[in-house]
Amino acid sequence: MSTPGNSRLSLRQLEYLVATVEEGRLTRAAQRLHVTEPTLSQQLRALERAVGARLLVRGADGTRPTPAGEAFLPHARRALQSAEQAGLEARSAEAGCGRTLRLAVPPSYLPGLLPALAAWARADTGTDLLVEGPPSGRPPQHQVLSGAADFGVGSRPRHWAGTLWPLYSEDLLVVCPPDDPLRGRRVAPADLSGRRWIRYDDDWQPFPDSGRTAMPPGPVIRVPGVQAAVSLAARGAGIAAVPAGAVPPALRPLTAVPEPAARREVVLFAAPGAPAGATERAARLHRLAGGTCGRDGGGGDRAQG
């Protein structure tokens, strides 16, 4: 099956493929799709002819994707999501409603972004914002590239081909227990060597250029968000390296400042080929952030690796 046929791909065929992979068996997929199993099999074969590669293999343990199917599947899902979003936007436009802008923001970046979100709400843009955290351990660019989010907020992605807008920079602080002698001081990597750490899902190194000298063999505890890390450190469970915006004013006396200073740039980014209307909304959010979150990075640009 090396030469594609003359037939074109259809969204229905893509839906059949995704359902079959998710269900793992043709019988269950056919039931889910409300079609007969022969109809499902026929359409999957037609899809494979159109693609020019075998996408599925059947075995005693069910149906699973081939390597070609694994490579094809993310694009199929993205096409289905795009078609669904297109319908939603068309219906919203016909009803005179503003669309929802989906923003993928890891938890530790959210505190620094809150002023811009508040400014967006006050500006009455006519567009709703849906802010969601990415799945644990996944950077926000995965949601943007898959079509699950319109934009991502986070550190500058490496080798990013889409448009990005610098939002602000933020410093890192180390939250210490109340009786810790390091609180209120500037600390070097040697000061933190061997300490018990509290880690969260999108944290970063307090001394990125110092190797492993400041890090223990393993964390004392891993928590799902930066606020939990701050609270546990303040209760004496260990130390946590967090963005300054995540530390409430009442807990600032418990913090130490890394020396040399640790700072990260925060950017807003869109996927390659994002619609012009979406990038206009992103540019507006960037302008609002420039007046509320700190350093304004100017207009959108192309990310460099």
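The values are calculated or read from the model by the stated rules, or taken from the named source; none is laboratory data. Model, not experiment: these values are computed from the prediction. In this analysis, Cβ positions are derived from the backbone assuming ideal geometry, glycine residues included, and neighbour counts consider all displayed protein chains. To get the accessible areas, we keep the full protein, side chains included, count just its heavy atoms, and leave off ligands, DNA and RNA. Shrake-Rupley method; radii C 1.70, N 1.55, O 1.52, S 1.80 Å.
Observations on the structure shown:
- Pairs, first part of a loop (DSSP other than H, G, I, E, B) and open to solvent by 50 Å² or more (accessible area, probe 1.4 Å) in the stretch 252-270, second at pLDDT 90 or above and not β-branched (Val, Ile, Thr), C-beta under 7 Å, six or more apart: Glu259/Arg186
- Scanning the stretch 281-305 for residues that are open to solvent by 40 Å² or more (accessible area, probe 1.4 Å), at pLDDT 80 or above and touching a Ser or Thr at 6+ places or on another chain (Cβ under 8 Å) gives a single hit, Arg284.
- In the stretch 271-279 there is at least one residue matching the filter, namely being more than 21 Å from Ser169 (Cβ to Cβ), in a loop (DSSP other than H, G, I, E, B) and in contact with a Gly (Cβ under 6 Å, 6 or more places away or on another chain).
- Condition broken by Phe207, with the remaining ones in (1) open to solvent by 30 Å² or more (accessible area, probe 1.4 Å); (2) at pLDDT below 80 satisfied: (1)
- Any hit, the stretch 166-174, residues being closer than 15 Å to Pro258 by Cα, of a type outside the set (Phe, Trp, Tyr) and at pLDDT 90 or above: yes
- When Val144 is tested against (1) of a type in the set (A, V, I, L, M); (2) within 23 Å of Ala83 (Cα to Cα); (3) touching a residue at least 60 places away in the same chain (Cβ under 8 Å); (4) open to solvent by 20 Å² or more (accessible area, probe 1.4 Å), just one condition goes unmet, and that condition is (4).
- Residue in the stretch 180-191 that is at pLDDT below 85 and either among the β-branched types (Val, Ile, Thr) or open to solvent by 20 Å² or more (accessible area, probe 1.4 Å) (or both) present: yes
- Here the helices (runs of 4 or more DSSP H) wholly within the stretch 1-95 that include at least 2 residues being modelled with pLDDT under 90 and surrounded by fewer than 16 Cβ atoms within 10 Å (Cβ to Cβ) are 67-94.
- Members of the stretch 118-141 that are open to solvent by less than 30 Å² (accessible area, probe 1.4 Å) and either assigned to a helix (DSSP H, G or I) or among the aromatic types (Phe, Trp, Tyr) (or both): Ala119, Trp120, Pro140
- Test: residue in the stretch 261-280 that is at pLDDT 80 or above and among the polar types (S, T, N, Q): no
- Of the residues making up the stretch 149-163, those that are of a type in the set (A, V, I, L, M, F, W, C) and either out of contact with any helix residue (DSSP H, G or I) (no Cβ under 9 Å at 6 or more places or on another chain) or open to solvent by 30 Å² or more (accessible area, probe 1.4 Å) (or both) number 1.
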